Amino acid sequence: MSDRVIAPFEGFGLGLRPPHYADFLEHEIPVDFVEVISENFMVRGGRPLYILDAVRERHPVAMHGVSMSIGSADGVKPDYLRRLKTLVDRVDPLWVSDHLCWTGLEGFNSHDLLPLPYTEEALAVVCANINRVQDVLERPILLENPSSYLTFADDEMTEHGFMARMCEATGCFLLLDINNIYVSGTNHGFDPATYIAGVPVDRVRQMHLAGHSQGRDLLIDTHDQPVPDPVWALYDLACQRFGPVATMIERDDDIPPLGELLTELDIARARAGRLECAA
Amino acid sequence: MSLLAIQRGLRDHILANQSGQSEGVSARGAAGLAVYRHAYRAQLVACLRDTFEQTWSWLGDDGFDAAALSHIVAHPPSGWTLDAYGEDFPQTLTGLYPDDPEVAELAWLDWSLRRAFDGPDADPITPEALAEVDWESAVLTLSPTLTIGEVITNSAAIWGALTGGEAPPAVERLPAPAAIRVWRQGLSPQYRSIDAFERQALAMALDGYTFARLCEQLGGPDDAERTVARVGGLLGTWLQDGLVCSAG
């Protein structure tokens, strides 16, 4: 278990995506931090690291991964961890995050965020994997609640209950994706407000805001639209419970000009500020 | 049911791409399973389209996606990064298009340029750095991003036209087998068609031949002077292209 603490960081940021590289290199962008997809920069050289170094000179950077596979029954891959550590040493990020999910097993990698059963056994596996990652990275990590599209017959606890025990056992922190709570809540029929009320206040270090789409049967976490009203309403609730927490707009498809995302980020600033003033 | 059994079941379900139940998933999970089956394939096809952009342009959506799906079935991803997915896609295309060798050659060029894009950094030397070199014992160190592929068609010209948004030329067989070298100069991936002589010279340099031995092997005993001059010309081109990282 890590007894190290990640200091709270009260800021509003954006994900660094290729269509906006030039904006970030050529202009002063009014964000408090930038989040990068770790795997995009776990490379040996060339333009990606050049861009990352240049952005890092101007902004604090949070590293957000998609391939740690913290829930794999056969553990986290050593070569992945080595490469991640190399990038951590280069960037000195605000924090390192990934998802509460599994992506691969026994030499297969789906490159998708696959759901975990919320069982005592899965909790033990996840905690052991987190401890190993935190030992190698020499810092606590953040884990994000994923959007999910199915549940398991053997589930023994709620997702937020699983995360609370995971934090308690490992000293890790949470990246709370507000859109994912809404998507999973709609898909599985749980109350997002109850979920938020069950998340340990002192462990949340970042929040994601994003949009989703209606699939044939389920809501899909597509990150291709502005943040919709129900997600904003849930963000209000989260701000009331968690207070000032680093917040970021996530957009991965149909990416608009940077100005549109900055305007959306201003909405987050205003909502969070209003709620903090009222508190 | 153990976590390992659940994960094996879900993995096998996704790979099999058949509707139905996966052991351990709740009874209402059919719609969710369909989402994961679809997402797996959609993401890999998108990854291959992104990496093999000019091959995609050459084959068109239907032809490319059919080849991509065939590849995904035969080669499920194993690496932790999507960037590594597709290394053997050119071989898949060779099998699917045995009479159209330009298809696999375009794919090789797409792949190699992508790898050069984020390959290891290295500092090239300038011609001035060669002033003190003892050519008898000198060994050239070339850019770590350098890779060489054999070609029998005008795929380099096709690739160039597609990248520039121009109408590509008709496929032509080259009069003699040739090669393309791919590397990165500064931050920009580059490619250049080369003849068999340069191909052989580069192969020897990569194998660690001294410059003197390289010249000796490339030319016969009667034309040593001409060979040295020719290799000297190549060396000038390599220096200009930022391919040489050390000589000594």
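Taking Cα atoms of segment B:1-134, Rg/Rh with Kirkwood Rh, to two decimals? Display every interim value, and only then the final one.
Details: Rg = 20.7 Å, Rh = 17.6 Å.
Here the Rg-to-Rh quotient is 1.18.
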Förster radius 60 Å - calculated FRET efficiency between residue B:130 and residue A:131, Cβ distance, rounded to 0.05: 0.65
Quotient of Cα Rg and 2.2 N^0.38 Å for segment A:225-266, N being how many residues it contains: 1.26
Taking only Cα atoms of segment A:43-120, radius of gyration then Dmax in Å: 14.5, 44
At q = 0.16, 0.19 Å⁻¹, base-10 log of I(q)/I(0) for segment B:98-174 (Debye sum, equal scatterers on each alpha carbon): -0.76, -0.87
Computed P(r) (all Cα pairs; segment B:111-155; 10 Å bins; percent): 20, 36, 29, 16, 0
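Hull surface divided by four, with the convex hull built on the Cα atoms of chain A: how many nm²?
Details: hull surface 56.5 nm².
Across all orientations, chain A yields a mean hull projection of 14.1 nm².
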Scaled radius of gyration (Cα, divided by 2.2 N^0.38 Å) that segment A:109-154 gives: 1.32
Over chain B, relative contact order from alpha-carbon pairs under 8 Å, at least 6 apart, %: 18 percent
For chain A, built as a Gaussian network whose Cα springs stay under 10 Å, the top-fluctuating residue of A:97, A:38, A:110: A:110
Candidate residues A:77, A:85: accessible-area rank, largest first, probe 1.4 Å: A:77, A:85
Dimensions (Å) - segment A:1-50, Cα atoms, principal axes, largest first: 38, 30, 13
Value of Rg/Rh across segment A:165-221 [Cα atoms, Kirkwood radius]: 1.03
Rounded accessible area of residue B:191 (nearest 10 Å², 1.4 Å probe): 70 Å²
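Only helical DSSP H runs with n ≥ 4 go in: add -39500 (n - 2.57) per run for chain B, normalise by residue count and round the 222 nm mean residue ellipticity to 500 deg cm²/dmol. Don't skip to the end; give the middle numbers.
On the way: 9 runs with 128 residues, N = 248.
Computed mean residue ellipticity for chain B: -16500 deg cm²/dmol.
Could you list the square roots of 5 times each eigenvalue of the Cα gyration tensor of segment B:170-248, that is, the equivalent ellipsoid semi-axes, sorted largest first and rounded to whole Å? Intermediate values should be presented prior to the final figure.
Values: eigenvalues 101, 72, 20 Å².
Equivalent ellipsoid of segment B:170-248: 22, 19, 10 Å, largest first.
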Alpha-carbon spread of the protein assembly as shown, three principal axes, descending order, Å: 88, 49, 42
Longest to shortest principal axis, alpha-carbon extents of segment B:59-198, angstrom: 57, 41, 28
Radius, Kirkwood style, for segment A:39-179 when every pair of distinct Cα atoms is counted (Å): 15.7 Å
Theoretical ellipticity at 222 nm over chain A - DSSP helices of four or more residues, -39500 (n - 2.57) apiece, nearest 500: -13000 deg cm²/dmol
Neighbour net charge for residue A:86 - beta-carbon separation under 12 angstrom, K R +1, D E -1: +3
Net +/- balance of residues flanking residue B:238 in space, Cβ distance below 11 Å, scoring K and R +1, D and E -1: 0
Whether segment B:150-210 is rounded, prolate or oblate, judged on the alpha carbon gyration tensor where a/c under 1.5 counts as rounded: oblate
Span-rule helices in chain A, defined as complete DSSP H runs reaching 27 Å or more along the axis (Cα) with Kyte mean at least -1.0: A:258-278
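Given that compact globular proteins tend to follow 2.2 N^0.38 Å, what is the ratio of the alpha-carbon Rg of segment A:190-271 to that value? Before the final figure, lay out each step's value.
On the way: Rg = 13.4 Å, N = 82, 2.2 N^0.38 = 11.7 Å.
For segment A:190-271, the normalised Cα radius of gyration comes out at 1.14.
Place the peptides A:220-232, A:63-75, A:133-145 in order of packing, highest mean first, counting for every residue the other Cβ atoms within 10 Å and averaging per peptide. Please report the intermediate quantities before stating the final value.
On the way: A:220-232: 17.6, A:63-75: 23.0, A:133-145: 19.8.
My ranking of the peptides, most packed first, is A:63-75, A:133-145, A:220-232.
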Segment B:204-248: C-alpha pair distances exceeding 13 Å, %: 57 percent
With 10 Å bins from 0: P(r) over segment A:77-159, alpha-carbon pairs, percent: 15, 46, 31, 8, 0
Size descriptor, Kirkwood hydrodynamic radius, that averages inverse alpha-carbon separations across chain B, Å: 21.0 Å
Cα pair distances in segment A:100-216, grouped into 5 Å bins until the bin that holds the longest one, percent each: 2, 11, 20, 25, 22, 13, 5, 1, 0
Centroid-to-centroid separation of segment B:15-36 and segment A:51-123 [C-alpha atoms, Å]: 26 Å
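The values are calculated or read from the model by the stated rules, or taken from the named source; none is laboratory data. The model shown is predicted, which means the values in this text are computed figures rather than measured ones. All Cβ positions, glycine included, derive from the backbone under ideal geometry; neighbour counts span all protein chains shown. Surface areas here come from the heavy atoms of the whole protein model, side chains and all, with no ligands, DNA or RNA. Shrake-Rupley method; radii C 1.70, N 1.55, O 1.52, S 1.80 Å.
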